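To start, the structure under review is shown below, and the notes come after it.
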Amino acid sequence: MSDKSLVLKWSEKDVFSAVDEVIVDLRQTNNIRKATQILAGLESIEKVSGKAKAKLLFGSAVWWEETGQETKTGDTFLDYIEAETETSKTTATRYIRVWGYIEDLSIPKEVAVRPMRDLVPVANALAQGYEIEKDDWKKLQRAANNSEVLSVLRDIKGKPARKSGLNITLDRKGTLTAWKESKPHPVGFLMIDSDDEVTQKAIQRIIDCAGIQEQ
């Protein structure tokens, strides 16, 4: 077992031991206050860890490109991350996209405080070329939960995507077209009629990661 695995294992054990102590204390004192405080603390850690992971992935991806690591290793950054960690390429792509939009303020600070489960679909909408207006950002900021965030995004997606952005569409025949300032640019073709399960999973990953709009 590697040192890293040992550290992670003991960290998990320590956390559960602490939780066991809280449960024992609850039964002895009949005071649930300590349990709710610990729960709030765990929720805060969970909320922060997703963003910390996104920031780390984004910064590492920038370093990977700036230092030409792909040429040195033969791997893309996403290939390397998937091989060395439990983070999939799809998740890494989504997290990097989120932090990129936070960095350049495409996602306002008031909305950037939301958890990753809310920020991922927001970033996907931006990547797909949808215009999120000032009133929309306020609605996203005020949304009480993930369901409300998704509801706001559905309303936004009922509007046309911004013309100035780079948008990619997939028609029913599998043709990929890039659109810039209302002008079409041919990209390629996806075998959407294939019965192969792996092919279909790969196509779905491409659609999700590239923010492709299906027609």
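Look at Thr71 and say whether it is within 15 Å of Val122 (Cα to Cα), at pLDDT below 95 and assigned to a helix (DSSP H, G or I).
On the way: within 15 Å of Val122 (Cα to Cα): no; at pLDDT below 95: yes; assigned to a helix (DSSP H, G or I): yes.
Spelling it out, it is not the case that Thr71 is within 15 Å of Val122 (Cα to Cα), at pLDDT below 95 and assigned to a helix (DSSP H, G or I).
If you check Trp99 against the conditions, is it farther than 30 Å from Asp136 by Cβ, buried (at least 18 other Cβ atoms within 10 Å of the Cβ) and of a type outside the set (S, T, N, Q)? Break it down into steps so the answer makes sense when it comes.
Values: farther than 30 Å from Asp136 by Cβ: no; buried (at least 18 other Cβ atoms within 10 Å of the Cβ): yes; of a type outside the set (S, T, N, Q): yes.
Against the criterion (farther than 30 Å from Asp136 by Cβ, buried (at least 18 other Cβ atoms within 10 Å of the Cβ) and of a type outside the set (S, T, N, Q)), Trp99 does not qualify.
Every residue, every condition in (1) closer than 27 Å to Asp118 by Cα; (2) under 24 Å from the mean Cα position of the chain (by Cα); (3) modelled with pLDDT of 90 or more; (4) not in a helix (DSSP H, G or I), yes or no:
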{"site": "Val7", "(1), (2), (3), (4)": "no, no, no, no"}
{"site": "Ala35", "(1), (2), (3), (4)": "yes, no, yes, no"}
{"site": "Lys55", "(1), (2), (3), (4)": "yes, yes, yes, no"}
{"site": "Gly59", "(1), (2), (3), (4)": "yes, yes, yes, no"}
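Just to verify a result, which residue in the range 108-150, among those that are of a type in the set (Gly, Ala, Ser) and within 18 Å of the chain's Cα centre (by Cα), is modelled with the lowest pLDDT? Full working, then the answer.
Of the residues in the range 108-150, the ones of a type in the set (Gly, Ala, Ser) are 112, 123, 125, 127, 129, 143-144, 147.
Among the residues that remain, those that are also within 18 Å of the chain's Cα centre (by Cα) are: 112, 123, 125, 127, 129, 147.
Working: Ala112: 95, Ala123: 93, Ala125: 88, Ala127: 85, Gly129: 80, Ser147: 89.
By that ranking, first place goes to Gly129.
Just to verify a result, which residue in the range 109-147, among those that are of a type in the set (D, E, K, R) and under 20 Å from Ser49 (Cβ atoms), is surrounded by the most Cβ atoms within 10 Å (Cβ to Cβ)? Before the answer, list the steps.
Residues of the range 109-147 that are of a type in the set (D, E, K, R), as a first pass: 109-110, 114, 117-118, 131, 133-136, 138-139, 142.
Subset that is under 20 Å from Ser49 (Cβ atoms): 109, 114, 117-118.
Details: Lys109: 9, Arg114: 18, Arg117: 13, Asp118: 20.
Of everything passing the filter in the range 109-147, Asp118 is surrounded by the most Cβ atoms within 10 Å (Cβ to Cβ).
Go through the range 172-199 and report how many residues are assigned to a loop (DSSP other than H, G, I, E, B) and exposed (fewer than 14 other Cβ atoms within 10 Å of the Cβ). Show your work before the answer.
If we filter the range 172-199 for residues that are assigned to a loop (DSSP other than H, G, I, E, B), which is where we start, we get 172-174, 181-182, 190-196.
Still in the list and also exposed (fewer than 14 other Cβ atoms within 10 Å of the Cβ): 172-173, 181-182, 191, 193-196.
Residues in the range 172-199 being assigned to a loop (DSSP other than H, G, I, E, B) and exposed (fewer than 14 other Cβ atoms within 10 Å of the Cβ): 9 in total.
Kindly establish whether Leu105 is assigned to a helix (DSSP H, G or I), more than 18 Å from Arg205 (Cβ to Cβ), among the hydrophobic types (A, V, I, L, M, F, W, C) and without any contact (Cβ under 8 Å) to a residue 40 or more places away in the chain. If you could, list the steps in order and put the result at the bottom.
On the way: assigned to a helix (DSSP H, G or I): no; more than 18 Å from Arg205 (Cβ to Cβ): yes; among the hydrophobic types (A, V, I, L, M, F, W, C): yes; without any contact (Cβ under 8 Å) to a residue 40 or more places away in the chain: yes.
It is false that Leu105 is assigned to a helix (DSSP H, G or I), more than 18 Å from Arg205 (Cβ to Cβ), among the hydrophobic types (A, V, I, L, M, F, W, C) and without any contact (Cβ under 8 Å) to a residue 40 or more places away in the chain.
I need the full set of residues from the range 78-102 which are in contact with a Lys or Arg (Cβ under 6 Å, 6 or more places away or on another chain) and of a type in the set (S, T, N, Q), in order please.
Thr90
Which residues, taken from the range 151-180, are closer than 20 Å to Ile206 by Cα, of a type in the set (A, V, I, L, M) and modelled with pLDDT of 80 or more? Spell out the reasoning first.
Quick first cut of the range 151-180, residues closer than 20 Å to Ile206 by Cα only: 157, 161, 165-180.
Subsequent filtering for residues that are of a type in the set (A, V, I, L, M) retains 161, 166, 168, 170, 176, 178.
Result: Ile168, Leu170, Leu176, Ala178.
The values are calculated or read from the model by the stated rules, or taken from the named source; none is laboratory data. Given the structure is predicted, the values throughout are model-derived calculations rather than measurements. Every residue, glycine among them, receives a Cβ derived from its backbone with ideal geometry; neighbour counts consider all protein chains shown.
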